[in-house]
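Here the structure comes first, spelled out in structure tokens, and everything after it is commentary.
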Amino acid sequence: MFVSDGVKDQLIDLLSKAISEGVNRLCTGALLEREAGLLVVRRASTDDYLPGNYELPGGGMDDGENIIECLCREMREETSVVITHVDGIALSFDYMSKSGAKVRQLNFIVRGEGEIKLDPREHDEARFVTQPSDLTGLMMSSESMSVILGALGRR
């Protein structure tokens, strides 16, 4: 997998900032770019956390894992796609976990290989978006919406 030096440098700055701002936990979001657009997935209706909401594939770090390893693992687990390139870092955002921890989601612009196969326990739909109007009517957090709109604006 290729991660540019610029992304590595930016990531060091973002991680230092997260520590200084009291972030308790990090998680990832993957903006998978393909010819068809940017991938968004819908949380399964049976999920106990935000069922039916659209989001970016991603999730929290496991013990002993770095942020790029987390990004790749979560993408593979949730979509079966293997990340080949980390091309950039998009907007990040903070939220409070159920336990009250301050979580920062770092969102990465990625390319990857493989057919998209969702884990139906987590997500029940995948779609590609190419323009802001593709997001109309989708249930999604305002933070995720901002990240995706920002990424669409740079395409």
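The values are calculated or read from the model by the stated rules, or taken from the named source; none is laboratory data. Keep in mind that this is a model prediction, so the values were computed, not measured. All Cβ positions, glycine included, derive from the backbone under ideal geometry; neighbour counts span all protein chains shown.
Of the residues making up segment 1-12, those that are farther than 14 Å from H85 by Cβ and surrounded by 11 or more Cβ atoms within 10 Å (Cβ to Cβ) number 2. The one condition from (1) farther than 16 Å from E143 by Cβ; (2) hydroxyl-bearing (S, T, Y); (3) not in a strand (DSSP E or B) that Y49 does not meet is (1). Among residues of segment 89-132 being of a type in the set (S, T, Y) and more than 13 Å from the chain's Cα centre (by Cα), the one that is farthest from R154 (Cα to Cα) is S99. Taking segment 117-134, which residues are surrounded by fewer than 17 Cβ atoms within 10 Å (Cβ to Cβ) and not acidic (D, E)? If the condition is that a residue be surrounded by fewer than 17 Cβ atoms within 10 Å (Cβ to Cβ) and not acidic (D, E), then K117, P120, R121, R127, F128, T130, Q131, P132, S133 are the ones that fit.
Pick out the one residue from A30, A36 that is over 11 Å from the mean Cα position of the chain (by Cα), touching a residue at least 24 places away in the same chain (Cβ under 8 Å) and under 23 Å from M139 (Cβ atoms).
A36
Would segment 39-48 turn up any residue that is of a type in the set (A, V, I, L, M), at positive phi and either touching a helix residue (DSSP H, G or I) at 6+ places or on another chain (Cβ under 7 Å) or touching a residue at least 24 places away in the same chain (Cβ under 8 Å) (or both)? Scanning segment 39-48 turns up no residue that is of a type in the set (A, V, I, L, M), at positive phi and either touching a helix residue (DSSP H, G or I) at 6+ places or on another chain (Cβ under 7 Å) or touching a residue at least 24 places away in the same chain (Cβ under 8 Å) (or both). Considering the conditions (1) surrounded by 15 or more Cβ atoms within 10 Å (Cβ to Cβ); (2) modelled with pLDDT of 95 or more; (3) closer than 22 Å to V7 by Cα; (4) not aromatic (F, W, Y), L91 is excluded by exactly one of them, (2).
How many residues does segment 39-58 hold that are of a type in the set (V, I, T) and within 13 Å of the chain's Cα centre (by Cα)?
2
Within segment 70-87, the set of residues being of a type in the set (S, T, N, Q) and not in a strand (DSSP E or B) comprises T79, S80.
Looking across segment 20-46, the residues that are part of a strand (DSSP E or B) and of a type outside the set (A, V, I, L, M, F, W, C) come down to R25, T28, G29, E33, R34, G37, R42, R43. Residue under question is S133, and the condition is that it be of a type outside the set (A, V, I, L, M), over 15 Å from P57 (Cα atoms) and at pLDDT 95 or above; does it hold? Yes; evaluated as a whole, the condition is true for this residue.
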